[in-house]
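The values are calculated or read from the model by the stated rules, or taken from the named source; none is laboratory data. Everything quoted here is computed from the prediction, not taken from an experiment. Don't worry about glycine lacking a Cβ; one is built from the backbone with ideal geometry, like all the others, and counts go over all protein chains shown.
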């Protein structure tokens, strides 16, 4: 059964004309259809921001979280029903700023979820402040003298923490984006896809043309299982590589470490609660 989706041509969408979110939404829908993911078995979890509007335009289970907190409920949702396909949609400010601590520790836990980060190098919802990935020197209406901080490098951080799948793509390269999404969704473990996505209203530097001129595809010879080489490629600044940087297929997922699944593979929500055992547990804890 293919996912039911809204007709984007006739939908009331709040994004600016030319926003990279249109391309991400369109191609994510194509990928979900190509993979024949049942909408009843899909949960789309969002944070706050322009990327957080994605659940409004797909017919699936959804969870809108607090600012920077999308990964925590996504991890819990997958743990309670490990048969679900869980995808997080978020932005660079939401994930790498407010959610930075959750980002790091979710990588360590390695839940089987896909995290798609719309990286436009600016806060698009709250009118153009610098985000963690904004380039040094860029002037905004709030950083009037230019950004002084070193940009956060999410790929290098993820690889250093041994994330099981790390990739980057660009909204202007739709075929590459679709193939990257497919690989990430099919991967077992935590998958990070950082998506270069121009903000046509608040970021006049990192435009479609800028990304085309300042990115290139990783060579076919690149070995995604070589962690040191992947980290080296993630730190390149002259031009930014696109592709799958790193994979580790040997890590246990968070769900596989949970004792509740050791002798029973059924989802937690299907199990009968032993009220007597639960009552005894509550009573024992109340005496502590």
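Residues that are over 14 Å from residue 194 (Cβ atoms), assigned to a loop (DSSP other than H, G, I, E, B) and modelled with pLDDT under 90 within the stretch 83-106 are absent altogether.
Please work out which residue is nearest to residue 23 (Cα to Cα), limiting yourself to the stretch 54-80 and to residues that are out of contact with any strand residue (DSSP E or B) (no Cβ under 9 Å at 6 or more places or on another chain), in contact (Cβ under 8 Å) with a residue 12 or more places away in the chain and assigned to a helix (DSSP H, G or I).
As a first pass, look at the stretch 54-80 and keep what is out of contact with any strand residue (DSSP E or B) (no Cβ under 9 Å at 6 or more places or on another chain): 66-67, 69, 72, 76, 79-80.
Remaining after also requiring in contact (Cβ under 8 Å) with a residue 12 or more places away in the chain: 66-67, 69, 72, 79-80.
Pick out the ones that are also assigned to a helix (DSSP H, G or I) and you get 72, 79-80.
On the way: 72: 27, 79: 31, 80: 32 Å.
Ranking the candidates gives 72 first.
Of the candidates 83, 112, the single residue that is under 21 Å from residue 35 (Cα atoms) and out of contact with any strand residue (DSSP E or B) (no Cβ under 9 Å at 6 or more places or on another chain) is 83. Of the helices (runs of 4 or more DSSP H) lying entirely inside the stretch 150-267, those carrying at least 2 residues that are surrounded by 18 or more Cβ atoms within 10 Å (Cβ to Cβ) are 154-160, 174-186, 227-234.
When 146, 172 are screened for being over 30 Å from residue 109 (Cβ atoms) and without any contact (Cβ under 8 Å) to a residue 60 or more places away in the chain, only 146 passes.
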